[in-house]
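*Asks:* This is the structure I want to talk about, given as structure tokens.
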Amino acid sequence: MTDNPEQDYDPGDVAVIGMSLRAPGARTKEQFWDNLVHGRESVSFLAKDDIHVDETLIHSPFYVRACGVLDTYDKFDPSVFGISDRMAAAMTPENRLFLESAWETLEDGGYDPDRLRAEIGMYGANNPQTAALYSSPPDRVSVGPEAIEASLAWSPDTMTSNALYYMGLIGEAVTVAAVCAGFHYAVHLACQSLLLGQTDLAIAGGAMVRLPHPRGHLWEENRILSKDGHCRPFDANGTGTALSSGVVTVLLKPLGHAVADRDHIYAVVKGSAVNNNGVSAMAYGLAQPERLSACIANAMEVGGVTPDTVSMYEANGLGLPMTDELEVHAATMAFGKQTATTSIGGVKGNVGHGGVVSGGFGAIKAALALHHKTLPATINLTEVNQDLDFPSTPFVPQIEGAHWEPEAGIRRAGITSIGGGGYNAHLLLEEAPTAAGRAPEDEGRPRLATLSALDDDALARQRARLKDRLEADPDLRLDDVCFSLNLGRKVMARRWAAVVRSRAELIAALSDDAVRGPATTTAAAPQADPGSFSRFSRNDNGIVPSGQDARALSELAAAWVTGQQVDFEALHLGEASRRVPLPTYPFQPRRFWRTDW
């Protein structure tokens with residue numbers, strides 16, 4: 001972490017440097033993006049035998065067997081965090097999902113929790129009802145260790161503090177309750193803490209598991225749940241949305257620091273704003289256009305952004321004509337009359353309504369749209385609702401996917417999230433700044449690449465994932481890959497290392513199962529006497545590299561795979577390498593579910 005960030009950036013800008021997502025139909029953000037650009041709907045239509053609740057309702061003609069299913073809602077890998085199976089079963093599914101997602105977003109940003117010497121803010125939203133539906137603990141008279149452990153595992157309040165504790169971090173921990181606007185509120189609070197200097201890095205997000213899972217819903221006229229299970233944002237035939245589950249987290253850092261620290265930047269948070277309708281609501285729980293408009297306008301004002309430069313608007317978009325009309329009216333008031341055209345879309349058509357994490361689905365969609373310079377289509381939009389009167393607004397429905405070419409010369413996106421009870425929230429994202437130029441990679445120079453895991457099976461899956469990523473992305477530089485692996489991953493017991501001179505050699509090494517070759521592993525390395533490494537120079541961070549040639553790096557690899565600590569910061573000192581997103585730890589989830597205490 002730098003103490004002297006570059007000063008050429010707006011001091012109010014916050015960089016998104018890591019992201020993690022699990023959504024219906026997508027276990028990763030990459031799968032999520034692929035679903036969006038290919039127009040896939042991930043809401044499942046369940047057979048009666050798949051639904052083990054609602055027996056008295058399932059035969060009703062108004063029961064809709066639609067649900068955004070999260071296939072890992074009941075699974076968890078406690079071993080990575082040193083959590084016992086008993087504790088894992090006591091933890092609510094949202095606690096477990098948020099913890100794994102926070103780990104993934106930190107790794108995606110290229111940071112090892114054991115190497116971080118910083119204050120880390122942890123902000124997350126969840127659904128308090130989930131804990132009660134999971135399995136409420138007994139009303140204990142005692143507050144002994146067992147009762148305290150169970151309550152800390154189960155409580156919605158401790159979701160963020162549990163994540164700090166089990167990841168080995170220190171900092172702030174705030175669990176947010178703001179219903180469906182929870183993700184946005186978490187990001188808003190995280191940005192404030194970063195800009196006030198209270199934290200150095202922040203993880204913000206939300207987790208939602210609708211219990212019992214999976215289940216459908218009852219359709220009621222003029223309510224937000226869809227008559228046929230499909231969500232049709234801005235469509236004349238829309239009848240609402242389906243309910244879904246998921247988890248989203250983002251890793252945030254002040255932009256100047258992120259640039260100076262050579263972080264990978266997906267997008268920049270230019271501004272955020274929150275408010276509540278209070279007594280001004282037309283009906284409690286419905287959007288109030290004037291208050292929502294004020295929230296959207298405030299986020300743009302905070303970011304110093306004029307509406308004509310915001311060319312993507314990701315709407316709350318419930319797909320119910322009445323609520324869509326209220327939102328479009330509010331956004332039009334905030335944007336005002338302008339000549340620029342703004343794409344308007346809604347991700348709920350793809351994944352349904354994820355409750356506290358629904359704004360996270362929209363934010364990840366917008367961040368990846370900025371990153372890929374692409375506007376995904378809004379699916380299920382076949383007959384635009386004429387009552388929305390789009391020609392008199394700044395907005396144009398994004399009916400088909402398109403390359404994003406903004407009229408203002410810069411890409412910016414606004415994302416709205418609305419929660420029952422009058423909660424309004426808006427995030428304003430901007431595309432990442434162009435990275436500074438640097439010299440071409442020193443081809444032919446030997447590099448050390450490392451991987452580690454808890455066991456050999458996970459290590460093999462890490463190798464396969466990294467090989468696939470390298471083959472899929474030819475623009476990844478070898479120096480960036482090695483820098484990100486060596487400094488951005490927690491060191492575990494089973495280890496693999498390779499000294500290579502090119503991407504092709506690294507791909508071959510990741511594929512090679514032979515003992516001889518550029519790679520060595522913990523399993524293949526001979527058991528070495530610790531005294532045999534006494535010739536190496538050491539400091540508080542471990543063995544100091546004796547050189548950058550192939551022989552010195554091979555000796556370093558041999559020491560590392562047999563359990564020695566290595567000062568990788570010294571190895572990469574003076575380099576211009578940058579952190580790049582690489583496959584995260586391959587969790588091996590097992591089912592944990594509590595039916596009684």
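*Asks:* Please give the number of the condition Ser84 fails out of (1) open to solvent by 20 Å² or more (accessible area, probe 1.4 Å); (2) more than 30 Å from Arg117 (Cβ to Cβ).
*Replies:* That leaves (2) as the condition not met.
*Asks:* Can you name the number of the only condition in (1) touching a helix residue (DSSP H, G or I) at 6+ places or on another chain (Cβ under 6 Å); (2) without any contact (Cβ under 8 Å) to a residue 12 or more places away in the chain that Thr434 fails?
*Replies:* Here Thr434 meets the rest and fails (1).
*Asks:* Does any residue of the range 219-235 turn out to be farther than 30 Å from Glu383 by Cβ, of a type in the set (Asp, Glu) and modelled with pLDDT of 95 or more?
*Replies:* no
*Asks:* Would you point out which residue out of Tyr111, Tyr185, Tyr166, Tyr73 is closer than 24 Å to Tyr266 by Cβ, open to solvent by 20 Å² or more (accessible area, probe 1.4 Å) and not aliphatic (A, V, I, L, M)?
*Replies:* Being closer than 24 Å to Tyr266 by Cβ, open to solvent by 20 Å² or more (accessible area, probe 1.4 Å) and not aliphatic (A, V, I, L, M) holds for just one of Tyr111, Tyr185, Tyr166, Tyr73, which is Tyr185.
*Asks:* In the range 260-297, how many are part of a helix (DSSP H, G or I) and of a type in the set (A, V, I, L, M, F, W, C)?
*Replies:* The qualifying residues number 7.
*Asks:* Just for strands (runs of 3 or more DSSP E) wholly inside the range 388-478: which have at least 2 residues that are among the acidic types (Asp, Glu) and farther than 30 Å from Asp77 by Cβ?
*Replies:* Filter on the range 388-478 gives 423-431.
*Asks:* Residues that are open to solvent by less than 20 Å² (accessible area, probe 1.4 Å), under 23 Å from the mean Cα position of the chain (by Cα) and either among the β-branched types (Val, Ile, Thr) or over 25 Å from Lys227 (Cα atoms) (or both): does the range 385-406 have at least one?
*Replies:* Quick first cut of the range 385-406, residues open to solvent by less than 20 Å² (accessible area, probe 1.4 Å) only: 385, 388, 390, 394-395, 404.
Still in the running and under 23 Å from the mean Cα position of the chain (by Cα): 404.
Checking the rest, the ones that are also either among the β-branched types (Val, Ile, Thr) or over 25 Å from Lys227 (Cα atoms) (or both) come to 404.
Yes, there is a match, as at least one residue in the range 385-406 is open to solvent by less than 20 Å² (accessible area, probe 1.4 Å), under 23 Å from the mean Cα position of the chain (by Cα) and either among the β-branched types (Val, Ile, Thr) or over 25 Å from Lys227 (Cα atoms) (or both).
Conditions (1) under 21 Å from the mean Cα position of the chain (by Cα); (2) more than 30 Å from Arg578 (Cα to Cα), marked per residue:
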position: Phe81; (1), (2): yes, no
position: Met87; (1), (2): no, yes
position: Pro93; (1), (2): yes, yes
position: Glu100; (1), (2): yes, no
position: Trp103; (1), (2): yes, no
position: Gly110; (1), (2): yes, no
position: Met122; (1), (2): yes, no
position: Ser136; (1), (2): no, yes
position: Arg140; (1), (2): no, yes
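*Asks:* Scan the range 86-115 for residues that are out of contact with any Phe, Trp or Tyr (no Cβ under 8 Å at 6 or more places or on another chain) and either part of a strand (DSSP E or B) or among the hydroxyl-bearing types (Ser, Thr, Tyr) (or both) and jot them down.
*Replies:* Within the range 86-115, Ser101, Thr105, Tyr111 meet the criteria.
*Asks:* Of all residues in the range 537-563, which are free of Cβ contacts under 8 Å to residues at least 40 places away in the same chain, assigned to a loop (DSSP other than H, G, I, E, B) and buried (at least 18 other Cβ atoms within 10 Å of the Cβ)?
*Replies:* Matches in the range 537-563: Pro545 only.
*Asks:* Answer yes or no: is there a residue in the range 361-374 that is open to solvent by less than 10 Å² (accessible area, probe 1.4 Å) and polar (S, T, N, Q).
*Replies:* no
*Asks:* For the range 507-525, enumerate the residues that are modelled with pLDDT of 90 or more and crowded, with 19+ Cβ neighbours inside 10 Å.
*Replies:* Ala509, Leu510
*Asks:* For the structure I just gave you, tell me whether Ala377 is farther than 26 Å from Ala281 by Cα, of a type in the set (Gly, Ala, Ser) and open to solvent by less than 10 Å² (accessible area, probe 1.4 Å). Spell out how you get there, then give the answer.
*Replies:* Working: farther than 26 Å from Ala281 by Cα: yes; of a type in the set (Gly, Ala, Ser): yes; open to solvent by less than 10 Å² (accessible area, probe 1.4 Å): no.
No; evaluated as a whole, the condition is false for this residue.
*Asks:* Assess whether Leu36 counts as being assigned to a strand (DSSP E or B), under 30 Å from Gln192 (Cβ atoms) and aliphatic (A, V, I, L, M).
*Replies:* Here the answer is no, as Leu36 does not meet what is asked.
*Asks:* Do we find that Gly317 is open to solvent by less than 30 Å² (accessible area, probe 1.4 Å) and closer than 27 Å to Lys29 by Cα in this structure?
*Replies:* It is true that Gly317 is open to solvent by less than 30 Å² (accessible area, probe 1.4 Å) and closer than 27 Å to Lys29 by Cα.
*Asks:* Restricting the search to the range 360-384, which residues are within 22 Å of His230 (Cβ to Cβ) and among the aliphatic types (A, V, I, L, M)?
*Replies:* Across the range 360-384, the qualifying residues are Ile364, Leu375, Ala377, Ile379, Leu381, Val384.
*Asks:* Got a sec? Which of Ala453, Ala460 is out of contact with any Pro (no Cβ under 6 Å at 6 or more places or on another chain), among the hydrophobic types (A, V, I, L, M, F, W, C), buried (at least 22 other Cβ atoms within 10 Å of the Cβ) and over 30 Å from Ala178 (Cβ atoms)? Give the derivation first.
*Replies:* Numbers: Ala460 fails: buried (at least 22 other Cβ atoms within 10 Å of the Cβ).
After ruling out the rest, the residue left standing is Ala453.
*Asks:* Another question, then. In the range 479-494, which residues are within 21 Å of the chain's Cα centre (by Cα) and part of a loop (DSSP other than H, G, I, E, B)?
*Replies:* Matches in the range 479-494: Gly488, Arg489, Lys490.
*Asks:* Does Met333 fit the bill of being touching a Pro at 6+ places or on another chain (Cβ under 7 Å) and under 24 Å from Ala236 (Cβ atoms)?
*Replies:* yes
*Asks:* Against the definition (open to solvent by 30 Å² or more (accessible area, probe 1.4 Å) and among the hydrophobic types (A, V, I, L, M, F, W, C)), how does Ile418 come out, yes or no? So that I can check it myself, show each step before the final result.
*Replies:* Working: open to solvent by 30 Å² or more (accessible area, probe 1.4 Å): no; among the hydrophobic types (A, V, I, L, M, F, W, C): yes.
For Ile418, the condition - open to solvent by 30 Å² or more (accessible area, probe 1.4 Å) and among the hydrophobic types (A, V, I, L, M, F, W, C) - is not met.
*Asks:* Name the residue that is nearest to Glu325 (Cα to Cα), counting only residues in the range 208-235 that are of a type in the set (A, V, I, L, M) and open to solvent by 40 Å² or more (accessible area, probe 1.4 Å). So that I can check it myself, show each step before the final result.
*Replies:* Within the range 208-235, the subset of a type in the set (A, V, I, L, M) is 208-209, 211, 218, 224-225.
Still in the running and open to solvent by 40 Å² or more (accessible area, probe 1.4 Å): 218, 224.
Values: Leu218: 23, Ile224: 13 Å.
Filtering the range 208-235 for residues that are of a type in the set (A, V, I, L, M) and open to solvent by 40 Å² or more (accessible area, probe 1.4 Å), the one nearest to Glu325 (Cα to Cα) comes out as Ile224.
For every residue, the table says whether it meets (1) more than 30 Å from Ile17 (Cα to Cα); (2) charged (D, E, K, R); (3) modelled with pLDDT under 85.
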position: Ala472; (1), (2), (3): no, no, no
position: Leu487; (1), (2), (3): no, no, no
position: Arg503; (1), (2), (3): no, yes, no
position: Pro530; (1), (2), (3): yes, no, yes
position: Arg535; (1), (2), (3): yes, yes, yes
position: Trp560; (1), (2), (3): no, no, no
position: Arg579; (1), (2), (3): no, yes, no
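The values are calculated or read from the model by the stated rules, or taken from the named source; none is laboratory data. Bear in mind the structure is a predicted one, so any value in this text is a computation, not a measurement. Glycine also receives a Cβ, built like all others from the backbone with ideal geometry; neighbour counts cover every protein chain displayed. Heavy atoms of the whole protein, side chains included, go into the accessibility calculation; ligands, DNA and RNA do not. Shrake-Rupley method; radii C 1.70, N 1.55, O 1.52, S 1.80 Å.
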